[in-house]
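Input: a single structure, listed below in structure tokens.
The values are calculated or read from the model by the stated rules, or taken from the named source; none is laboratory data. No experiment lies behind these values; they were computed from the predicted model shown. Neighbour counts run over all protein chains shown; Cβ positions are idealised from the backbone, glycine included.
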Amino acid sequence: MLKVGLTGSIAVGKSFVCDCLRELGCHVLDADRTSRDVVAKGTDGLAEIVSKFGDEVLEPDGELDRKKMGSIVFADDEKRQLLNSIVHPRVFEAQNKWIEEVEKRDPNGIAVIDAALMIESGGYKRFDKLIVVWCEPEIQLQRLMSRDGFDENTAKMRIAAQMPQDEKKRFADHLIDTSQGFDDTRRQAERIVTELKKAT
């Protein structure tokens, strides 16, 4: 089975690319969902976050208040690293378990794991191939503002808190540029899946 990492910065269109890869027959694990699962109510992940950051990061129902957490860690490098040190090992573990299950079901398949911080965390080294999704910076900014309702300054801060897109691209085996919209992105995904199938 071919293990493929997929990454890219905030608001560049990773979710749409994942949908395309699913339609093309790849097994895709969404890292956002995994990172939510490992800090869901009742998990030791959430308990550790509360012990380090306090009760104020919780919603009234006891779930993690992701917006509040985001505003805390995006403004503070040290706190962001602390959060990542709690979440990343648990996400890795969940991903490894998922890969094992997929491999049992489909030994010749393509398993794709989508994770925003795959390069920063060193997690990309576990994969046979790495796809980096990107788009033109002004398009990224507009998408982030319209998607999350951020003003321009907040959106720029969120983008600046991540590794620059050009740096991420240097790690890629395959690049997908989503700047030209859905159809063009889908065509790039099809071409890459064809190439990946040759490598399985």
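Within region 123-147, the set of residues being without any contact (Cβ under 8 Å) to a residue 40 or more places away in the chain and closer than 28 Å to ALA94 by Cβ comprises LYS125 only. Checking each residue in region 49-62 for being within 16 Å of ARG90 (Cβ to Cβ) and either more than 25 Å from the chain's Cα centre (by Cα) or among the acidic types (Asp, Glu) (or both) picks out only SER51. Only one of these conditions is not met by VAL12: (1) over 30 Å from ALA199 (Cβ atoms); (2) crowded, with 16+ Cβ neighbours inside 10 Å. Which number is it? Condition not satisfied by VAL12: (1). Across region 165-200, the qualifying residues are those that are assigned to a loop (DSSP other than H, G, I, E, B) and not small (Gly, Ala, Ser), and the one among them that is farthest from the chain's Cα centre (by Cα) is THR200.
The residues of region 31-50 that are buried (at least 17 other Cβ atoms within 10 Å of the Cβ) and either at pLDDT below 95 or touching a Ser or Thr at 6+ places or on another chain (Cβ under 8 Å) (or both), listed by number, are ALA31, THR34, SER35.
Listed here are the residues, each with its yes/no results for (1) under 23 Å from PRO164 (Cβ atoms); (2) touching a Lys or Arg at 6+ places or on another chain (Cβ under 9 Å); (3) touching a residue at least 40 places away in the same chain (Cβ under 8 Å); (4) of a type in the set (Phe, Trp, Tyr).
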| site | (1), (2), (3), (4) |
| --- | --- |
| HIS88 | yes, no, no, no |
| PHE92 | no, yes, no, yes |
| GLN95 | no, yes, yes, no |
| GLU100 | no, no, no, no |
| ASP106 | no, no, yes, no |
| GLY109 | no, no, yes, no |
| ASP114 | yes, yes, yes, no |
| SER121 | yes, no, no, no |
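The rows are residues; the columns are (1) exposed (fewer than 14 other Cβ atoms within 10 Å of the Cβ); (2) farther than 21 Å from LYS68 by Cα.
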site	(1), (2)
LEU141	no, yes
SER146	yes, no
ASN153	yes, no
MET157	yes, no
PRO164	yes, yes
ARG170	yes, yes
ASP177	no, yes
THR185	no, yes
